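Structure first, commentary second.
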Amino acid sequence: MARNGKTAAESGARPVKVNAWNGWDPLRHVIVGRATGTVVQAPEPAVRRDFPDDGFPLGTYGPMPAGMTAEADAQLDDFAELLRGRGIRVDRPTPLDFTREVATPDWTHPSMSGCMPPRDLLLTVGNEILEATMSYRSRWFEYLCYRPVLQALFDADEDMRWEAAPKPRLTDASYHAGFWDTYPTLSTEEQLARVRAHDLVLTEAEPLFDAADVARFGRDLFVQLSFVTNRSGHRWLKRHFPEHRVHAVTSTNTHPLHIDATWVPLRPGLVLHCGERLADAELMEFFRRNDWEIVEAVQPASWDHPPKLSYCSPWLAGNVLNLDPRTLCVEEKEVRLADQLVSLGFEVVPVPFRAVGPFGGGLHCATVDIEREGTLEDYFPRRHGRY
Ligand code: ARG
């Protein structure tokens, strides 16, 4: 019910509808994250944060510098307003006190993390929104920030399917002990061999995945095996979406963490590829056989971005958000990428978003699709190899 006692439909507003099958159909409703309260999380087996020059040497943790948080929140708020100005409905998460210690029967952890980036946590497939398992202890309770939004969607749209993947135990059995001591000492070749074999920090003790490791292309879902997504997580997703073809993929990224700066769909038939992280040859051939063009992203504007306290790479440049198949939001400083996209026929909406990088992402990471017009389509009628 709206405040005047009328339902959304009676008051003329479009009814709320959860529906998104891919990353490019016209966007109608979205979640935009918040930087408020974000902390550099306390040390945990899944992740190592070591920023000796920026006040957080290994082993230390605590709130991000207040000025950085305020700046990021201002850019996130402005982005939300830009989207609203285009008639897109925008929801926001409710931050918790992320400095609080959290506990399960198995462990206690001295801090949480934040509610940026929402893309990591929620996966919309059709009329379903799925809460990912996550694989950091500091992010175990992050779903609580989204429960007010999810509850409201559940109440407003009687067709919405609200799902949560099994909450993981995240005991020490879920992580390879000592991974972060040895992995950084390996050569690039040795690291890539580990990536190919998917022998990284996570064990296969239980299904683990972040939603941002999933790229949606209609009937086909591509799941990146990464620092936060294991084979068991892929298998869980495969059984959970029996009507989809759910593929596990890797690339030549020594630090795989979320697929959306590596393999980015732009419109049917066109995928943006971060050239430094080559997708496996069979996957590339699968796309080409189905008449998809694979475009290599130009170099990011700056190798110094994202700046301090970030766990992202400069390839965040390619983390663009489609407003529809012809219109892309691109970080405003990424002018070369914008030119490239214009030459491919897109209209580019420049968005100031530099301050958000240290909070875990770009324009795609910072959002979750709730509604995109459109239906489930098969963009890959021809099979190839294991695809
Ligand atoms: N790991 C990616 C990179 O550094 C950034 C992707 C962030 N995506 C996200 N959904 N948080 O290139």
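Size estimate for the range 234-387 follows the Kirkwood approach: the inverse of mean 1/r over distinct Cα pairs works out to 16.5 Å. Across the range 204-217, coupling constants 3J(HN,Hα) worked out from phi with the 6.51/-1.76/1.60 Karplus curve, θ = phi - 60°, read 9, 4, 6, x, 9, 7, 9, 4, 6, 8, 10, 10, 9, 10 Hz, and Gly and Pro carry x. When the label point is put 7 Å from the Cα of residue 106 along its Cα-to-beta-carbon vector, which residues of the range 137-163 have a backbone N closer than 17 Å? Within reach of a label on residue 106: 137-143. Think of each Lys and Arg Cβ as +1 and each Asp and Glu Cβ as -1; about the Cα centre, that makes the dipole of the range 122-226 roughly 140 debye.
Just subtract the alpha-carbon distance of residue 386 and residue 281 from 0.36 nm times their residue separation and send over the number in nm, one decimal.
Working: separation 105, 0.36 × 105 = 37.80 nm, distance 1.14 nm.
Between residue 386 and residue 281, full extension yields 36.7 nm more.
Show me the trypsin sites (Lys or Arg not before Pro) within the range 238-346 that DSSP assigns to loop and that have at most 16 other Cβ atoms within 10 Å of their Cβ.
On the way: sites: 238, 239, 245, 277, 288, 289, 308, 326, 333, 336; in loops: 277, 308, 326, 333.
Those satisfying the criteria are 308, 326.
Give me the base-10 log of I(q)/I(0) for the range 1-140 at each q in 0.12, 0.14, 0.19 Å⁻¹, Debye formula, one uniform scatterer per Cα, rounded to two decimals. Calculated log10 I(q)/I(0) at the listed q: -0.64, -0.82, -1.19. Fewest-first ordering of 305, 176 by other beta carbons within 10 Å of each residue's beta carbon gives 176, 305. For the range 161-228, the calculated P(r) over all alpha carbon pairs, in 5 Å bins from 0 to the bin holding the longest distance, is 3, 14, 19, 23, 17, 13, 7, 3, 1 percent. Note on the chain: Cα-only Rg and Dmax are 19.9, 64 Å.
Screening the chain for whole DSSP H helices of 27 Å or more along their axis (Cα) with average Kyte-Doolittle hydropathy at least -1.0 returns 66-85.
Rounded to the nearest 20, the size of the Cβ-charge dipole of the chain about its Cα centre is 620 debye, with Lys and Arg at +1 and Asp and Glu at -1.
One decimal place: the segment residue 231-residue 185 gains 14.1 nm when fully extended, by the rule 0.36 nm per residue minus the C-alpha distance.
With runs of 4+ DSSP H residues as the only contributors, calculate the mean residue ellipticity of the chain at 222 nm using -39,500 (n - 2.57) per run, divided by the residue total and rounded to the nearest 500. List each step's numbers first, then the result.
Working: 7 runs with 71 residues, N = 387.
That comes out to -5500 deg cm²/dmol.
If you count Lys pairs in the chain whose Cα atoms are under 28 Å apart, skipping same-chain pairs closer than 8 places in sequence, the total is 5.
Bear in mind these aren't lab numbers, they're just calculated from the coordinates by the rules spelled out. None of the values given here were measured: they were computed from a predicted structure. We place every Cβ from the backbone using ideal geometry, glycine too, and count neighbours over all the protein chains shown.
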